[in-house]
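No value in this document is a laboratory result; all are computed from the given coordinates. Remember, it's a predicted structure, so these values are computed and weren't measured experimentally. For neighbour counting, all protein chains shown are included, and Cβ atoms are generated from backbone atoms with ideal geometry for every residue, glycine included.
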Amino acid sequence: MSQPPSLSSELRTIIVMGVSGSGKSVVGSLLAETLGGVFEDGDDFHPLSNKAKMSAGTPLTDEDRWPWYAVLRQRIEEMRALTPVYVLACSALKPIYREKLRAEDPENALRFVLLDGTRELISTRLAARKGHFMPPALLDSQLATLDPTPDLVRVSIDATPDGIVADILEKLAPAKA
């Protein structure tokens, strides 16, 4: 078996982010497996009230999100004692949401990876997805909310999951001196 790719020893948490349908769960779980870490989907930590609201086609408000982001931040801290690398899927569309997840962590301890794709590609994926609480009708509101910042590691989703993970690993690899 080959050695897992190397990351900076300071990098303990990777947030795989983007709009619904961008592949966060598939890519995040494969990334964690490749790195010998643990993957969790932030959606699993939503309270039932948030899931019901989204299922009904109503976007969440920031007030709906704050308790959820507090739970996710607590989980990030818990997982640092349990695994060398924690990969969390979370949309994290606004800078303020990313700040809630980062808290006081330096950039080299927690990185955000944006799965970037066209509306057409993501819409096609959402239409093919069955049984998810997030309806395709909310895609436009998510795209309107997405506010990328320069600190994000941006990767195209116009590849296979393995190809996307390889791109992420290349972009997260420590710079060669």
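Overview of values
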{"read-out": "Rounded to whole Hz, the Karplus (6.51, -1.76, 1.60) HN-Hα couplings of the range 42-56, x for glycine and proline", "value": "x, 4, 5, 9, 5, x, 4, 4, 5, 5, 5, 5, 5, 4, 7"}
{"read-out": "Proxy reagent accessibility, fewest Cβ within 10 Å first, across LEU30, LEU60", "value": "LEU60, LEU30"}
{"read-out": "Of GLY28, GLY18, GLY36, the one that fluctuates the most in a GNM where the chain has Cα springs shorter than 10 Å", "value": "GLY36"}
{"read-out": "Point-to-point label distance, ALA70-LEU48, nm (Cα→Cβ direction, 7 Å offset)", "value": "2.1"}
{"read-out": "Environment charge at ALA144 (Cβ cut-off 13 Å; Lys +1, Arg +1, Asp -1, Glu -1)", "value": "0"}
{"read-out": "Potential extension, ASN108-ALA81 segment - 0.36 nm per residue separation minus Cα distance", "value": "8.0 nm"}
{"read-out": "Karplus-derived HN-Hα couplings along the range 116-124 (A = 6.51, B = -1.76, C = 1.60, θ = phi - 60°), whole Hz, x at Gly and Pro", "value": "10, x, 6, 4, 5, 5, 5, 4, 4"}
{"read-out": "Sequence of VAL153, VAL27, VAL16 once ranked by neighbouring C-beta atoms within 10 Å, starting from the fewest", "value": "VAL153, VAL27, VAL16"}
{"read-out": "Radius of gyration, Dmax [the chain; alpha carbons; angstrom]", "value": "15.6, 52"}
{"read-out": "Top of THR124, THR13, THR34 by mean-square fluctuation, Gaussian network on the chain, Cα under 10 Å", "value": "THR124"}
{"read-out": "Amide H partners (placed H, <5 Å) of ARG154, local residues excluded", "value": "LEU114"}
{"read-out": "Footprinting exposure proxy for SER20, SER49 (fewest neighbouring C-beta atoms within 10 Å first)", "value": "SER49, SER20"}
